[in-house]
1. May I ask which of Lys75/Lys156; Lys71/Lys255; Lys270/Lys316; Lys387/Lys419; Lys30/Lys387 have a Cα-Cα span longer than 32 Å here?
2. Expressed as a rounded percentage, what relative contact order does the chain have, with Cα pairs under 8 Å and six or more residues apart?
3. So if R0 is 25 Å, what FRET efficiency would His362 and Thr204 give, r being the distance between their Cβ atoms, rounded to the nearest 0.05?
4. Enumerate the amide H contacts of Ala197 below 5 Å, restricted to partners 5 or more residues apart or on another chain; note that Pro and chain-start residues carry no placed amide H.
5. Quote the FRET efficiency, to the nearest 0.05, computed for His377 versus Ser250 with a Förster distance R0 of 25 Å and r equal to the Cβ-Cβ distance.
6. Ranked from highest to lowest mean number of other Cβ atoms within 10 Å per residue, what is the order of the peptides 101-107, 143-149, 206-212, 446-452?
7. What is the helix-to-structure angle for 127-145, meaning the angle in degrees between its Cα long axis and the longest Cα principal axis of the chain, kept from 0 to 90 and rounded to the nearest 10?
8. Provide the convex hull volume over Cα atoms per residue for segment 57-176, in Å³.
Amino acid sequence: PEETVTSSFASFIHAVRPEHLSKTVRHRSKRMILDSIGVGLVGSTTHVFDIALQYCRELYSSVAVSSVYGKPGVKLSPTLAAFTNGVATHSMDFDDTWHPATHPSGAVLPALLAASQMLPPSTKPNGMDFLLAFNVGLEVQGRLMHFSTEAHNIPKRFHPPSVVGTMGSAAATAKLLSLSAAQCAHALGIAASLAGAPMANAATQAKPLHIGNATRLGFEAALLAARGMEANPLILDDIPGCSGFSAFYSVYQPKPLSTPSDHHEFLLEKQDIAFKRFPAHLGMHWVVDAALSVRNLFINYAGSFSPSLIRTIVLKIPMSKYINRPFPSSEHQARHSFQFNACTALLDGKVGLSSFAESSIHRQELRELLDKVVVEHPEDNVANFDKMYGEVALLLHSGDVLTGKCDTFYGHWRKPLSKESLLKKFRSNASHVLPEEKIETIITTVDNLENLSDSSQL
């Protein structure tokens, strides 16, 4: 039969082997796995996670074999554990981000963790199998996003991980379950019918459901394909008059994914990941670093940070409506507000977990700074995580102007977190729910994932 884009993806998923993972890809993906676990663990302390967990425990009775982040002794059915842990991972918007824009780890890792515990002892995947499946999930997400130039910019219509993440979860779990090439194609087709979430739910408690659903529904798609369910075998192809995956993009130009031979260069080899230093939308990291820079200039200028000396705060940011929120009233709105994050950094000299507590959001001194903010959208500042910048200018009553600018924040793929910074973040996040010895065990396990005989131990 003639090869199609869809069949080429299916063939790749089926044929790729652990030896195709380069040292760089293994290193970068292990960093992602460790960070995602830490983010999930601290996310298990949030209110939205409690809602999701209660929903799963009360509304469903099932074979409970898969673990839940931050809840020792609590187990759920595999797909519901994936859902709950996916919600935890995105509950604070603290998870990794790629370019084109999506949150790749949270849509894949929870499904693989749950599936590893689901499989019988005789078929448990080892650490290299796990690492390979994880990278298959990343690769499929990245390839699909590169099929449309629309995907390169900050989204306007749908939240990308709810679409490409669902496909990535299906591909990853299909690989872990050793499905045939035909079953892999059907898994992708089924997943496409389970994908999508509107951007209007950004900055609400519903947004973490996007990651929870992506990892769960992709997992379910693979399970359904394993049981014989079929879907359109051309789901990724561009067929005039009959939209498949192209339904999600106005411009869609798919290309076949070559079957790996002696070497396959994964996208993660070419494009590293962005890790967040604080729990907020990625765009906030540019304005926070710019605000911290100008805050230091202000202190050198005035001897201390004195808001009364400031007449106007000018933010030069890209045009993106859902993260332009002048006066956020909830933690989720605050995580998606250029204004809030810039002013918090100016006022406190940092942004962290406590910055999004109710008591911090509604401070009078913060409100007074927010009242001084003016937003500008320079034409050269595009809504694109690879090209945008953040600029914060303080116009003082004296007539002086102080300016801070950031075009690459610390943690961006062009300026990766050091090993020490990543471990510090993980330890801090995990310490909210785990004792020190278990935290160190996870770090050691992920670091030696290639040598793990049973990935369910993770």
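1. Check vs 32 Å cut-off fails for Lys75/Lys156; Lys71/Lys255.
2. About 21 percent, as a whole number.
3. According to the calculation, E is roughly 0.85.
4. For Ala197, the qualifying residues are His159.
5. 0.65
6. Final packing ranking: 101-107, 206-212, 143-149, 446-452.
7. Compared with the principal axis, the helix lies near 70 degrees.
8. 115 Å³
The values are calculated or read from the model by the stated rules, or taken from the named source; none is laboratory data. All of these numbers come straight from a predicted model, not from anything done at the bench. Backbone-built Cβ (ideal geometry, glycine too); neighbour counts: all protein chains shown. For the accessible areas, the whole protein counts, side chains as well, though only heavy atoms, and no ligand, DNA or RNA atoms are used. Shrake-Rupley method; radii C 1.70, N 1.55, O 1.52, S 1.80 Å.
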